[in-house]
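Scroll down for the structure; my scribbles are underneath it.
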Amino acid sequence: MISKAVAMRIGRVLLVLLALGFCAYSLIDQWDATVRAFEQMSVATLLGAFAAGLAGLLAWILSWRVFLAGLGSPLPVKAMYRISSISQLGKYVPGKVWALVTQMELAREYEVPRARSFGSTLLAMAASQATGLAIAASTLPLTSAAARDRYWWLFLLAPVVLACLHPKIVTWALNTLLRLVRRPSLEHPVSLPETLLGVFWAVLGWVFFGVHLWLLCAAVGGDGTGLPFLATGAYALAFVAGFLVFIAPGGIGAREAAMVLVLTPVLPAGAPIVVALASRVVLTLADLVNAGLAVLIGGRPPKAPVKEGPGDGNEDSGNEPAPGTLVTGTQPNKE
């Protein structure tokens, strides 16, 4: 009989292979158009956009790290990098649950209870989507009539979603979800300072992604002092639109459609689709490079993973804690 741990490892390997297959398919499917797009851009532009994309991904990892620590499971940056970079390949598989499931299981290897991992991931996602909507709402209505006319309803959601990040609302919502799945409530609600720090990293991620898109837009003839703001808002809106399309792997199609809509009035004819394709490929390569680096240098998990019991989701079923188990939610894990 195959043990549960071995079965989980096999499942993760299969999921990564499946994600790599979808990545390869998406790149090959638009290979000719991508090559033509890259031919219009310099190597320096593509490397700059790639570096900015990597920086944006790292900022979002740090945002998740803040929320996870706030819930009681602080982890080293290397461990967070390994967990997030490998699990994010799951977003290329149709559906939105694969990255979340993989992230939770990888976090278990670092003694993180599933309830905390689930809660912190939802918080990080909410922070990125809320701040993305806020950035789009503050940059696009004055610079893009097309975005204002087509996505006005998304802009109205920005203040509502931002308000929902308040710790009291977050704690109530997460505890309600945990009760529905018959899991224990959160032991350590995220504080307001921790929430603000997580939001800061999320916003910084959007700034880097804005630089990423701005470099691509400038390379195909975009100019003007407002272009950096428009590019940042365009990427934020496109990402949120892609996120809302549940079945599309990585938001493929919806993200490009929103991006082209916003960029068409400010770029030469045919340039918006070039930028959208280049952005998709560059960021896909960034995800692949991150995953590869995570395998090579990511922090190793402890040898004795925690066992979840019926109590707070963090102790063994007996009276004494299992070896390697965190006794309280405030002790930092070791690499």
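The values are calculated or read from the model by the stated rules, or taken from the named source; none is laboratory data. Bear in mind the structure is a predicted one, so any value in this text is a computation, not a measurement. Neighbour counts run over all protein chains shown; Cβ positions are idealised from the backbone, glycine included. The protein model used for the area step is the full one, side chains on, heavy atoms only, and it has no ligands, DNA or RNA in it. Shrake-Rupley method; radii C 1.70, N 1.55, O 1.52, S 1.80 Å.
With +1 on each Lys and Arg Cβ and -1 on each Asp and Glu Cβ, and nothing else charged, work out how big the dipole of segment 91-201 is about its Cα centre, in Debye to the nearest 20.
320
Report the charge-dipole magnitude of segment 27-133 in Debye, nearest 20, computed about the Cα centre from +1 at each Lys and Arg Cβ and -1 at each Asp and Glu Cβ.
360
How far apart, in nanometres, would the label points at W172 and V245 be if each is projected 7 angstrom from Cα along the Cα-to-Cβ direction?
Placing both labels 7 Å along Cα→Cβ, they lie 3.5 nm apart.
Give me the mean projected area, in nm² to one decimal, of the convex hull enclosing the Cα positions of segment 120-227.
Approximately 8.4 nm², given one-decimal rounding.
Over segment 79-237, with every protein chain in place, what whole percent of the accessible area is carbon and sulfur at 1.4 Å, could you tell me?
Of all accessible area on segment 79-237, carbon and sulfur atoms account for 72 percent.
May I ask for log10 I(q)/I(0) of segment 155-296 at q = 0.10, 0.18, 0.19 Å⁻¹, from a Debye sum over the Cα atoms as equal point scatterers with solvent left out?
Each listed q maps to, in turn, -0.47, -1.11, -1.16.
Hey, if you put +1 on the Cβ of every Lys and Arg and -1 on every Asp and Glu Cβ in segment 151-261, which of V181, V170, G242 ends up farthest toward the positive end of that dipole?
Toward the positive end, the furthest listed residue is V181.
Taking the dipole about the Cα centre of segment 80-212, with the C-beta of Lys and Arg at +1 and of Asp and Glu at -1, give me whichever of S138, H212, W153 is farthest to the positive side.
W153
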